[in-house]
1. If I ask for residues that are acidic (Asp, Glu) and without any contact (Cβ under 8 Å) to a residue 24 or more places away in the chain, which ones from the range 19-52 would you list?
2. Can you tell me which residue in the range 1-35 is surrounded by the fewest Cβ atoms within 10 Å (Cβ to Cβ), limited to those that are modelled with pLDDT of 90 or more and polar (S, T, N, Q)?
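The values are calculated or read from the model by the stated rules, or taken from the named source; none is laboratory data. These numbers come from a predicted model, not from an experiment. Positions of Cβ are generated from backbone atoms using ideal geometry, with glycine treated the same way; all protein chains shown enter the neighbour counts.
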Amino acid sequence: MIAEGYAKRHQKFGFQKYLDDALAESNETIVSLEQTKDIYGSFIDKNLCEELVKKYDILSKQIYTLRMAWRNFNV
């Protein structure tokens, strides 16, 4: 999403939309991983799910920070 939106970086709000979408997708992935762990816990590696949740949480924070910085960017 970010790579696709970067093509529209000259449009301040266009790129921000893609950053919002990327953040939403990252958060949805976290929810899906948590649900998978809860529902299929006996069939999957719970530690792997928890590690992926941590990585996606970091990614979400990075996307959010980029979005906030982009608000102040002058095109």
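1. Listed by number, the residues that qualify are ASP21, GLU28, GLU34, ASP38, ASP45, GLU50, GLU51.
2. Among them, the one singled out is GLN35.
Rundown of residues vs (1) surrounded by 11 or more Cβ atoms within 10 Å (Cβ to Cβ); (2) of a type in the set (Phe, Trp, Tyr); (3) not in a helix (DSSP H, G or I), yes/no style:
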position	(1), (2), (3)
LYS37	yes, no, no
GLY41	yes, no, yes
GLU50	yes, no, no
LYS61	yes, no, no
TYR64	yes, yes, no
ALA69	no, no, no
